[in-house]
Amino acid sequence: MGAYTTMTSKGQLTIPKDVRDELALTPGTKFFVTVRDGEVVALPKNKRIADLAGILGEPVMGAGATLEDIDEAIGQAVAEDDARIIREWNEHHGNKT
């Protein structure tokens, strides 16, 4: 699946409908955007930690982090893990980027 799209003068892209449908992307979906092997990679973050609230039961009393704090920490951890994976892959394959 894929389609051509054009970047606007403001650097914006329109994601084709078939791609949006396949990935269940909705208006307001946030993306982590990076460069991997000279290509733009946009990873959608279409599940908020708040969407999962309650699946583990009641929160422990006195917990200090908000759902937004936890959501941000998870996003940062994913970004750092992605950077580590790219770095290790490049080291293994002899690329020095």
>> Filter the range 1-20 down to the residues that are among the charged types (D, E, K, R) and over 16 Å from Pro44 (Cβ atoms) and list them by number.
In response: Lys10
> Which of the residues belonging to the range 13-30 are in a helix (DSSP H, G or I) and either loosely packed, with under 11 Cβ neighbours inside 10 Å or not hydrophobic (A, V, I, L, M, F, W, C) (or both)?
Replying inline: Lys17, Asp18, Arg20, Asp21, Glu22
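Values in this text are rule-based calculations from the coordinates and carry no lab data. Being a predicted model, the structure only gives us computed values, none of them experimental. Cβ sites come from the backbone with ideal geometry, for glycine too, and all protein chains shown count toward neighbours.
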